[in-house]
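To start, the structure under review is shown below, and the notes come after it.
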Amino acid sequence: LVSSNFTVETWVNLASTPAHGSIFDYFSCYAIWISNGELYISWNQGSTGTPTGITPPVDTWFHIALVRLNSNLTLFYNGASIITIPATNIAPQVSYITMGYKHYNGTTLDAYFNDARITSVARYSTNFTQILREVEHYTLI
């Protein structure tokens, strides 16, 4: 999931405002994470990340999608494109993705996740409307 088009997406409901924690982490090859309440994206090993200016709410569902389309990574928040960065210097160190866990420091995100999916196509190229299906049961991870 680094050299071709892909989409990584999920619904997230934060149980508390995190000091630090990842939504998705591909061993910092690319990551969507929260630091001091603000949403960040990082795109290569050792990157300090780029702040998005978005502070996700606590106890409210929101949708996150990271899309690689050709040579760009675009982060969508609730269907709106909030940042596009070049997909350069992406070199994975491992072959797995985690949700709610940051590889390099072991921090966890106090959050609920729903309808997570990883696909080998760029599902979104423009803003879109995403509808949350009813969540009957969910587990804090």
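The values are calculated or read from the model by the stated rules, or taken from the named source; none is laboratory data. It should be emphasised that the depicted structure is a prediction, and the values quoted were computed from it without experimental measurement. Backbone-built Cβ (ideal geometry, glycine too); neighbour counts: all protein chains shown. Heads up: the accessible areas ignore ligands, DNA and RNA and are worked out on the full protein's heavy atoms, side chains in. Shrake-Rupley method; radii C 1.70, N 1.55, O 1.52, S 1.80 Å.
Rolled with a 1.4 Å probe across the full set of protein chains, the surface gives Val58 an accessible area near 60 Å². Calculate, for Thr55 and Val121, the FRET efficiency according to 1/(1 + (r/R0)^6) with r their C-beta to C-beta distance and R0 35 Å; round to the nearest 0.05. Approximately 0.70, to the nearest 0.05. Multiplying the residue separation of Ser71 and Thr48 by 0.36 nm and removing their Cα-Cα distance gives an extension gain of 6.2 nm.
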